[in-house]
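One structure below.
Please treat every number below as a calculation from the coordinates, not as lab data. Computed from a predicted structure; not experimentally measured. Cβ sites come from the backbone with ideal geometry, for glycine too, and all protein chains shown count toward neighbours.
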Amino acid sequence: DGDPITVGDGAGRWGRAVFRSADEPELTADVIVVAEAESTVAVGFALIKGGRPELVVQKLTELGVDRILPLTAERSVVRWDDTKASAQVERFRRVAREAAMQSRRVWLPQIDEVSAPGEVVVAHGLAAAEHGGDPIDGSVRALLVGPEGGWTTDELVDHRTVSLGQTVLRAETAAIVAGTLLTAIRDGRVSPPA
């Protein structure tokens, strides 16, 4: 009689429907409202030459990161003018919508405009990923990942640094690891070190 589908609005509401015609799906169940997470997590990642920022946005969305912040660090080779930056952010938002549909995520992440690390504003728990930093713990709610050349001393001056492991990771990998750790701790899937 029709193909079953799941429909959602990206703002916590979803339901099952049957696709009977090209005009519109027919809702077959009550709309379910999922509350937004009490504790949100954010990942900022520096744009790098030859990088794959769409992959990072896709994976962070699938993992359940609530806010994604594309960054231009002092050592970033990539420098977009305002027009290109706006176009890329819109592309990131499309990628996030597609990833949310694929992963059946009911809340779309917030994708910020491209900014410098010093312009990032979060309520609490901001840290920068840095090889040799402290172990990550439950107080970290937003993690910034630098370019492959690393952060400058000036960029780190106001940030606590945390480690993502013992090896040096590519920037894209580091951002995905950051999202994995933050969402796992937030959701209680792992316990941070005491």
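General remarks:
- With θ taken as phi - 60° and the Karplus curve 6.51 cos²θ - 1.76 cosθ + 1.60 applied, the whole-hertz 3J(HN,Hα) list for segment 169-175 is 9, 4, 4, 5, 4, 4, 5 Hz, x standing for glycine and proline.
- Mean separation of Cα contacts under 8 Å (6+ apart) over length of segment 70-160, as relative contact order %: 36 percent
- DSSP beta bridges in segment 42-186 [antiparallel fraction, %, rounded to 5]: 0 percent
- One chain, two ends: ARG52 and ARG79. Fully extended at 0.36 nm per residue, the span grows by 8.2 nm beyond their Cα-Cα distance.
- J(HN,Hα) series, segment 144-156, from Karplus relation 6.51 cos²θ - 1.76 cosθ + 1.60, nearest Hz, glycine and proline x: 9, 10, x, x, 5, x, x, 7, 7, 4, 4, 5, 8
- Label zone of GLU119 (point 7 Å out along Cα→Cβ, amide N under 19 Å): in segment 64-81 this covers 67-81.
- Formal net charge of residues neighbouring ALA46 (Cβ-Cβ distance under 14 Å; K, R +1; D, E -1): -2
- Treating r as the C-beta distance of SER103 and THR167 and R0 as 35 Å, the FRET efficiency rounds to 0.80.
- Amide proton proximity set for GLY44, modelled H, under 5 Å, gap of 5+: LEU69, LEU143, LEU144, VAL145
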